[in-house]
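Novice: Just passing along the structure, written as structure tokens.
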Amino acid sequence: MAKSKTGGSRAYLRGRVGSDVYSIGVDSKGKKQQVVRSLAESVKNPQTLAQMRGRMIMSTVMQVVSAMRPIIDHSFDNVPAGQPAISEFIKRNYSLVKDDVAAHAAGGNKFGLNRYQEKGAKQGAYVISVGSALEAKNIVIDGTAKTLTIALGNDVTIGGLKTALGLTVNDYFTACALLASGKFIYERFHINGSLADDTAISADNIAEVFNLEGNTSVAIALVNSNVVATLAEFSANAAIITSRKENSGYVHSGATLAEVENPSYTADVALPTYPTGKERFLNGGGEESGDVPFVPEPFSCALTGVTADGQAWAKGDKTLSGTHSEVGVVATIDKYEAGHNIRFGQSVSDSEQFNGTQATYTLADYDSPAGSEVSGTLKLFVDGAAVETWGTLTFTKPDE
């Protein structure tokens, strides 16, 4: 039954009436609108073996998408960031998993498969980046020891490290790995630009050689003339993505996760867990009906409230009285779903991730002179796309 918290003929409805489903969305200008979706009165779903095979493959790929989204939503050069990049990942890897299922149903598979309704990413030889950048050199991955080793030879300096890797101070590399538990690890290594090329690398400064950022911890050590990075979490199902600075922005190297031995599960184990129906062969059933992958409905959400410096901020432009060094902005959304990249801020790169239904963003401009005005237009981003603009916030910096 559809319900509304406010009565009247102009109220927005949520719920279902007969075969119509009512929800609340936003239009291209960020205005709230009623969305009505009609359900089919009856759905033919014979659940043939071929259909279930397609759904098994798609389920497997989509679990990996959920885990890898922070990287794969912008790692395909010449494909727009966000959902287009995600779609590129799905297209490429669905085909690879499908071919692997056909060729290695009982063993020797390159991709682990999800059983029916099983959650969590499975290890596999996934293409996680496509681009024209040259790969960083001389990085040896040991998945068992969870280490990355860079041999410097006789030139144990910052300049020697740049030469060994083939990187400039503007370039960096990101180590990626999919764990057997389903967690996706990514850690960015950027050579410290404040250290001169002739700086000798020693035990005293080895911890300062790289600026690190990612979702695991890293210990850096100098072992003889080798720089050894030991990650707290890592695996052999790993790859390195190199990012190189060009005039138009960053380009990336192609990267495919290394194969691992006997990833779980094979098709012969996973496929029987999917329910099948009894559609007869001449009516479209049987092996020859082809793959019919399950594609989940797109996720949408909307901002329900925002505060600035603790004050309620109604949708639209707002100017704060007094002076402020910076302003904390707290945004609330109507729903949250894990696996989606939901952010609030001025851009995808200048924004904060939602933790549940709330996100806290700090608006500041530390480079502008004292007494000047600072402003920023704040938006809701879902999977790399701006879906709602809340308004422009303006405040004045205090005098020094």
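The values are calculated or read from the model by the stated rules, or taken from the named source; none is laboratory data. Keep in mind it's a predicted model, so treat the numbers as computed, not measured. With ideal geometry, Cβ positions are generated from the backbone for all residues, glycine too; neighbour counts draw on all protein chains shown.
Novice: Which residues, taken from segment 74-103, are of a type in the set (Asp, Glu), surrounded by 17 or more Cβ atoms within 10 Å (Cβ to Cβ) and part of a helix (DSSP H, G or I)? It would help to see each step written out before you state the result.
Specialist: Start the filter on segment 74-103 by keeping residues that are of a type in the set (Asp, Glu), which leaves 77, 88, 99-100.
Applying the additional criterion that residues be surrounded by 17 or more Cβ atoms within 10 Å (Cβ to Cβ) yields 77, 88, 100.
Matches in segment 74-103: GLU88, ASP100.
Novice: In segment 111-143, how many are polar (S, T, N, Q), in a loop (DSSP other than H, G, I, E, B) and at pLDDT 95 or above? Spell out the reasoning first.
Specialist: From segment 111-143, those polar (S, T, N, Q) are 114, 117, 123, 129, 132, 138; that's our starting set.
Within this subset, residues satisfying the condition of being in a loop (DSSP other than H, G, I, E, B) are 114, 117, 123, 132, 138.
Filter once more, keeping what is at pLDDT 95 or above: 114, 123, 138.
Matching residues across segment 111-143 total 3.
Novice: Here is a follow-up. Can you tell me which residue among ALA338, ALA308, ALA314, ALA302 is in contact (Cβ under 8 Å) with a residue 40 or more places away in the chain and over 18 Å from PHE381 (Cβ atoms)? If you could, list the steps in order and put the result at the bottom.
Specialist: Details: ALA338 fails: over 18 Å from PHE381 (Cβ atoms); ALA314 fails: in contact (Cβ under 8 Å) with a residue 40 or more places away in the chain; ALA302 fails: over 18 Å from PHE381 (Cβ atoms).
The conditions single out ALA308.
Novice: Quick one: which residue in ALA145, ALA121, ALA106 is buried (at least 17 other Cβ atoms within 10 Å of the Cβ) and at negative phi? Can you show your working first?
Specialist: Values: ALA145 fails: buried (at least 17 other Cβ atoms within 10 Å of the Cβ); ALA106 fails: buried (at least 17 other Cβ atoms within 10 Å of the Cβ).
Exactly one residue qualifies, and that residue is ALA121.
Residues are listed down the side, and each one gets a yes or a no for (1) assigned by TED's automatic domain parsing to the domain that holds THR163; (2) farther than 19 Å from ILE342 by Cβ; (3) in contact with a helix residue (DSSP H, G or I) (Cβ under 9 Å, 6 or more places away or on another chain):
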{"site": "MET58", "(1), (2), (3)": "no, yes, yes"}
{"site": "SER66", "(1), (2), (3)": "no, no, no"}
{"site": "PRO70", "(1), (2), (3)": "no, no, no"}
{"site": "ASP73", "(1), (2), (3)": "no, no, yes"}
{"site": "GLN83", "(1), (2), (3)": "no, no, no"}
{"site": "ARG92", "(1), (2), (3)": "no, yes, no"}
{"site": "GLY107", "(1), (2), (3)": "no, yes, yes"}
{"site": "LYS110", "(1), (2), (3)": "no, yes, yes"}
{"site": "GLU118", "(1), (2), (3)": "no, yes, yes"}
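Novice: Taking segment 371-400 on its own, how many of its residues are modelled with pLDDT under 85 and hydrophobic (A, V, I, L, M, F, W, C)?
Specialist: 4
Novice: Also, I was wondering about something else. Tally the residues that are free of Cβ contacts under 8 Å to residues at least 40 places away in the same chain, farther than 18 Å from GLU135 by Cβ and not hydroxyl-bearing (Ser, Thr, Tyr), restricting the search to segment 245-279.
Specialist: Summing the residues that are free of Cβ contacts under 8 Å to residues at least 40 places away in the same chain, farther than 18 Å from GLU135 by Cβ and not hydroxyl-bearing (Ser, Thr, Tyr) in segment 245-279 gives 4.
Novice: Still on this structure, please answer the following. Which residue pairs have Cβ atoms closer than 8 Å, lie 6 or more positions apart in sequence or on different chains, and pair a first residue in segment 168-196 that is on the phi < 0 side of the Ramachandran plot with a second residue that is hydroxyl-bearing (Ser, Thr, Tyr) and part of a loop (DSSP other than H, G, I, E, B)?
Specialist: As it stands, the answer is ALA177/SER235; LEU178/TYR126; LEU178/SER235; LEU179/SER235; ALA180/SER235; ILE185/THR216; ILE185/SER235; GLU187/THR216, since those pairs meet every condition given.
Novice: Same structure, new question: Can you pull out the residues in segment 242-263 that are closer than 13 Å to HIS104 by Cβ, modelled with pLDDT of 95 or more and of a type outside the set (Asp, Glu)?
Specialist: Within segment 242-263, just PRO263 meets the criteria.
Novice: When the residues of segment 91-134 are filtered to those that are β-branched (Val, Ile, Thr) and over 18 Å from the mean Cα position of the chain (by Cα), which remaining residue is farthest from PHE173 (Cα to Cα)?
Specialist: So in segment 91-134, the residues β-branched (Val, Ile, Thr) come out as 97, 101, 127-128, 130.
Still in the list and also over 18 Å from the mean Cα position of the chain (by Cα): 97, 101.
On the way: VAL97: 27, VAL101: 32 Å.
Going through the qualifying residues, I end up with VAL101.
Novice: Let me ask another. Which residues, taken from segment 363-383, are surrounded by 18 or more Cβ atoms within 10 Å (Cβ to Cβ) and out of contact with any helix residue (DSSP H, G or I) (no Cβ under 6 Å at 6 or more places or on another chain)? Give the derivation first.
Specialist: Of all residues in segment 363-383, those surrounded by 18 or more Cβ atoms within 10 Å (Cβ to Cβ) come to 363, 374, 376, 378-383.
The answer is LEU363, VAL374, GLY376, LEU378, LYS379, LEU380, PHE381, VAL382.
Novice: Quick check: anything in segment 76-88 at pLDDT below 90, in contact with a Gly (Cβ under 7 Å, 6 or more places away or on another chain) and polar (S, T, N, Q)?
Specialist: Yes, because at least one residue in segment 76-88 is at pLDDT below 90, in contact with a Gly (Cβ under 7 Å, 6 or more places away or on another chain) and polar (S, T, N, Q).
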